[in-house]
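Working notes, structure below.
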Protein chains: 4
Amino acid sequence: MKKKLRSKPSKEISYTSEIRVRFVETDPLGIVWHGNYIQYFEDGREAFGRHHGISYLDQKDNNFSTPIVKSNTEHKLPLRYGDIATVKTTYVDSPAAKMIFKYKIFNPEGEIVCTGETVQVFVELGGELSLTIPDFFMKWKRKVGLIDA
Amino acid sequence: MKKKLRSKPSKEISYTSEIRVRFVETDPLGIVWHGNYIQYFEDGREAFGRHHGISYLDQKDNNFSTPIVKSNTEHKLPLRYGDIATVKTTYVDSPAAKMIFKYKIFNPEGEIVCTGETVQVFVELGGELSLTIPDFFMKWKRKVGLIDA
Amino acid sequence: MKKKLRSKPSKEISYTSEIRVRFVETDPLGIVWHGNYIQYFEDGREAFGRHHGISYLDQKDNNFSTPIVKSNTEHKLPLRYGDIATVKTTYVDSPAAKMIFKYKIFNPEGEIVCTGETVQVFVELGGELSLTIPDFFMKWKRKVGLIDA
Amino acid sequence: MKKKLRSKPSKEISYTSEIRVRFVETDPLGIVWHGNYIQYFEDGREAFGRHHGISYLDQKDNNFSTPIVKSNTEHKLPLRYGDIATVKTTYVDSPAAKMIFKYKIFNPEGEIVCTGETVQVFVELGGELSLTIPDFFMKWKRKVGLIDA
């Protein structure tokens, strides 16, 4: 008798936060300069971290840093000065020693203006890349239900 | 007699420029904040433009803007305050109405610290996306030998 | 009978808003880079404008820009990543064709970390400096009670 | 017979460097956002330091940081994208435990666009403000002829 194999879908958790476009973030064309979206992703990721209880400072307390090793952005529509945009930040679980986040930024009309992804790794205080998921991060995964307790 | 058809490899032209890492560009970990590499790519692209005679201002004079619709970065090593890095910016020719640039950033030791790519489109003054390559850009392609005169 | 002359004190209106210190705003010493306080002043000024009904966009609609011609800052204490600071922005009324704002930034403990001032002038669309206070701004002064209606 | 006392004029040394205005540094009005001049001052100060042999890294090696405690700017003319401006940075000697720098920024036509000043103090590694001029800085003063050897 054949047992059906099903790949479990990768689990995700999200958080949606707001950003207000600053004057200084817009360029002579009157729209947000593309490089600022990387900052908006970070704003979203930090709001996610505050909500779901994992932050840069937790990482630091555990003697890890989590540098970004990859990022990509796709720009579909512009944002303008004064716009209040929403950033949906999604953590995409992975069995690897990585943190993967996806981002969707919406304008006040609810249209997608930008999507993107970042990949972070775990680096020990001495500068060594961690090949396994650090304990503090496994604990967090359990706490938020990404893995069984 | 059969004439052999060969797909011509996509032509490329490059330019290498220098950047000096500013204090403000580094973060509490003492390394360049990842979002600043998007700025370094722009620095490289503008140095390329000055050298090869195509610039934001040419585009503007021709009533086009060239917004970035896609970008990606890969981070391999950090840069630190005071480092003089080199940015190799390569224009990758395409038959589409697009500008594709690739970037390689090297540290003072000549190691690759970051690679990336940006894709730009041509937008007319009124906001309309151009589906064909604008005249001023075809002229530039001819001038630099990317297409036959 | 002599009527006592008293110089009326210059009238002021204030607004207090919050900022959260971003990772990117801190430097290798782990504290906010001094130049970012100019941005925090602008954040405070814009929050003031939203609250009291005067904004960059009102100015633009009235064909004026209001460039900053002077600014100063005094730094007393550092701010760190994640700090939620409050910015008290005070408009100091003046009979001249100027906008003067004063700023006080407080850390989470309520201590003053930075004070400063900016002076803006009114410039007409054509680039001409306005020597008199524009109508739209007089209206605003009346609306908020800085001058009698 | 009385000997006339004359206060010696404060000694100064200068250095002039160049900056190229980046696209990202300009705002929707097409001119450099005022807060970026603080960065241009820092660019000038660092170029001064490289030329005259005193830098942030020397300070760090000597276990001092030199935070800016005061700054002011006056804006007279705008700078635009692509402008190559020159920054004249002048160290104004003082008997106090301070570093005072003055700045003049000129546009390509040689007109003054911005002037300013920054004041820095010496802070020891532990966070203590130094009330006397640190040895490494006295050595530097002697080396560049600000005080007699």
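The values are calculated or read from the model by the stated rules, or taken from the named source; none is laboratory data. Remember, predicted model here, so these are calculated numbers, not experimental data. Quick reminder, even Gly has a Cβ in these numbers, built from the backbone with ideal geometry, and neighbours come from all protein chains shown. Calculation scope for accessible area: heavy atoms of the full protein, side chains included, ligands and nucleic acids excluded. Shrake-Rupley method; radii C 1.70, N 1.55, O 1.52, S 1.80 Å.
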Give the Debye-formula value of log10 I(q)/I(0) at each listed q (0.06, 0.07, 0.13 Å⁻¹), with one equal scatterer per alpha carbon of the protein assembly as shown, two decimals each.
-> -0.37, -0.50, -1.61
Mind checking the mean number of beta-carbon atoms from other chains within 10 Å of the Cβ atoms in B:124-137?
-> 0
Of A:K70/A:K141; C:K11/C:K102; D:K102/D:K143; B:K11/B:K88; C:K60/C:K102, pairs whose Cα-Cα distance is over 18 Å | A:K70/A:K141; D:K102/D:K143; C:K60/C:K102
Could you pull the copy-to-copy label distances for A:L125, with points set 7 Å along Cα to Cβ, in nm to one decimal and sorted shortest first?
-> 1.6, 6.2, 6.2
Per-pair calculated FRET efficiency, R0 = 30 Å: C:R22 and D:K143 via Cβ, rounded to 0.05 | 0.15
Check the axis relating chain B to chain A and name the residue of B whose C-beta is nearest, distance in whole Å.
-> B:N72, 2
Given a 1.4 Å probe, how much area per residue of segment C:12-140 is accessible, in Å²?
-> 43
Assign unit charges at the C-beta atoms only (+1 for Lys and Arg, -1 for Asp and Glu), then state the dipole size of the protein assembly as shown relative to its Cα centre in Debye, rounded to the nearest 20.
-> 20
Give the angle, between 0 and 90 degrees and rounded to the nearest 10, that separates the Cα long axis of helix B:36-52 from the longest principal axis of the Cα atoms of chain B.
-> 50
Helix-only CD estimate at 222 nm, as mean residue ellipticity for the protein assembly as shown, using -39500 (n - 2.57) per DSSP H run (n ≥ 4) | -6500 deg cm²/dmol
Sorted from shortest, what are the nm distances separating the label point of A:N63 from equivalent points in the other copies, each placed 7 Å from Cα along Cα to C-beta?
-> 2.4, 6.5, 6.8
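Per-residue Cβ counts within 10 Å, from other chains only, averaged over C:35-47: what number is that?
Mean partner shielding for this stretch: 4.
How shielded is C:19-29 by partner chains, expressed as the average number of their Cβ atoms within 10 Å of its Cβ atoms?
Counting Cβ atoms of other protein chains within 10 Å of each residue's Cβ and averaging gives 6.
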Using a label position 7 Å from Cα in the Cα→Cβ direction, what is the ascending list of nm distances from B:P95 to the same site in the other copies?
-> 4.3, 7.5, 8.0
For segment C:12-140, build the convex hull from the C-alpha positions and give me its volume per residue in Å³.
-> 110
Run the dipole for chain D about the Cα centre, Lys and Arg Cβ at +1, Asp and Glu Cβ at -1, nothing else charged, and hand back the magnitude in debye, nearest 20.
-> 960
